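Worksheet: one structure, shown below.
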Amino acid sequence: MNPIDVDDVLATAAAWRAAGEQVAVATVTETWGSSPRPAGSQMAVTKSGRMAGSVSGGCIEGAVADAAMKTIDSGTPQLLDFGVSNERAWEVGLACGGKVKVFVERLS
Amino acid sequence: MTPDILAALEQAKRDKRPIVLATRLPSGEQQLLPDPSAPDDLNAAAQRALDRDESGTVKLGDTDWFLHAYNPPLRLIVVGAVHVAQALVPFAVPCGFSVIIVDPRRSFASDERFPGVEISTDWPDEAMDKFAPDSRTAVVTLTHDPKLDDPALDRALHSQAFYIGALGSRRTHAARLGRLRELGHGDDALSRIQGPVGLNIEAVTAPEIALSIMAEIVGVRRNAPLPPKAKL
């Protein structure tokens, strides 16, 4: 039996793309400290608002999804930096004290 | 990502071929590796990422490359198409393992008992020779029958399998190690066998035993500090 790869976000993204959705994929490219998801972890986002996978423990997915919408519209990839969040609740970051870089690209 | 790269990547995964997607940061140009036309240092870095099974960013010259390593699935060879084996499949598959069930007893090794799972009814030593466990393979013997378990364990000990586990009580395991010693396996080799198999969580039911086995496989794969087994 072939494994059901719950991490195979790219396959999900490709299926969405094939079904006519506009899709961006975000990938963790580098981590420092106690970030929850290793490099290579992915999240897919569609223009219509579907989401699969994760790039953190839920701390930065919202911000990444916002960035993904821009990349879907512009076609320009982005390399996002997320550091430690501080007391100010409106700042997006990682409460765990880790840091991550996330690359966002459009599936063309 | 272009449709060509996506299609080639998906094809490599279907063919179970190790492959690396290299992305130049931050511009996002991409290529698949290994590729004879790519620079040597980039191909070498890709091979290291595959060997370590770790994706990450590397700096080569002035360029940052994100190397996304895609290895074929891990494999779990289960000798003994018994009840615990049935319970093990639904834990192993989502953990990323491609499962192979080996049991020459056809009444056990049936498609009905293992829907969608690859089954071999060869004798375990022949099956092990055929499937050739490598460093991304775990082997678990569950039959309790030395005629079936021993030849599989003998072959597993001659392989690079990263995990070898054998179901059986401490007394059964001690007798088993005695027999394998007679086949020429020394203490270092025999210490590779996890027996009694699984983390000690006082498992009773088949799914609980399967959970303890799967937890131990993950622990060994991730180099977790596992407690030593009780003395034989």
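No lab work stands behind these numbers, since they all come straight from the coordinates. This one's a predicted model, so the numbers in the text were calculated from it and none came from an experiment. Ideal geometry is used to build each Cβ from the backbone, glycine not excepted, and the neighbour counts take in all protein chains shown.
Would you please put A:55-61, A:44-50, B:97-103 in order of how densely packed they are, using the mean number of other Cβ atoms within 10 angstrom per residue and starting with the highest? Could the numbers behind the result be given before it?
On the way: A:55-61: 20.1, A:44-50: 17.1, B:97-103: 25.6.
The most tightly packed comes first, giving B:97-103, A:55-61, A:44-50.
Considering all different alpha carbon pairs of segment B:55-108, the Kirkwood hydrodynamic radius works out to 13.9 Å.
Here the Karplus relation 6.51 cos²θ - 1.76 cosθ + 1.60, evaluated at θ = phi - 60°, turns the backbone of segment B:41-58 into coupling constants of 5, 6, 4, 5, 5, 5, 5, 4, 4, 5, 4, 7, 6, 9, 8, x, 9, 10 Hz, with x for every Gly and Pro. Report D for segment B:3-70 in µm² per second (integer): Stokes-Einstein, Kirkwood Rh on Cα pairs, 25 °C, 0.890 mPa s. Once the numbers are plugged in, D ends up at 205 µm²/s. Counting only other chain Cβ atoms within 10 Å of each residue's Cβ, the peptide A:28-40 averages 4. With only Cα atoms counted, segment A:9-106 has Rg and Dmax values of 13.0, 42 Å. In the calculated pair-distance distribution of segment B:74-221, the portion above 26 angstrom amounts to 14 percent of the Cα-Cα pairs. Expressed as a whole percent, the proportion of Cα-Cα pairs in the protein assembly as shown lying more than 28 Å apart is 51%.
What's the average, rounded to a whole number, of partner chain beta-carbon atoms within 10 Å of each residue's beta-carbon in B:210-222?
On the way: counts 0, 0, 0, 0, 0, 0, 0, 0, 0, 0, 0, 0, 0.
Averaged over the peptide's residues, the number is 0.
Over 25 Å, how big is the tail of the calculated P(r) for segment B:1-150, in percent of all Cα pairs? Everything past 25 Å amounts to 44 percent.
Expressed as a fraction of 2.2 N^0.38 Å, the rule-of-thumb size for a compact globular protein of N residues, what is the C-alpha radius of gyration of segment B:80-128? Show your work: numbers first, answer last.
Working: Rg = 10.3 Å, N = 49, 2.2 N^0.38 = 9.7 Å.
Output field value: 1.07.
Under 5 Å from the amide H of B:D122 lie the amide H atoms of B:D103, each residue being 5 or more positions distant or on a separate chain, with H modelled from the backbone and absent for Pro and chain starts. Past 27 Å, Cα to Cα: identify those pairs from B:K147/B:K229; B:K16/B:K130; A:K99/B:K59, in the order given. None, as every Cα separation is 27 Å or less.
Ordering of B:35-43, B:216-224 by packing is B:216-224, B:35-43, highest average first (other Cβ atoms within 10 Å, averaged per residue).
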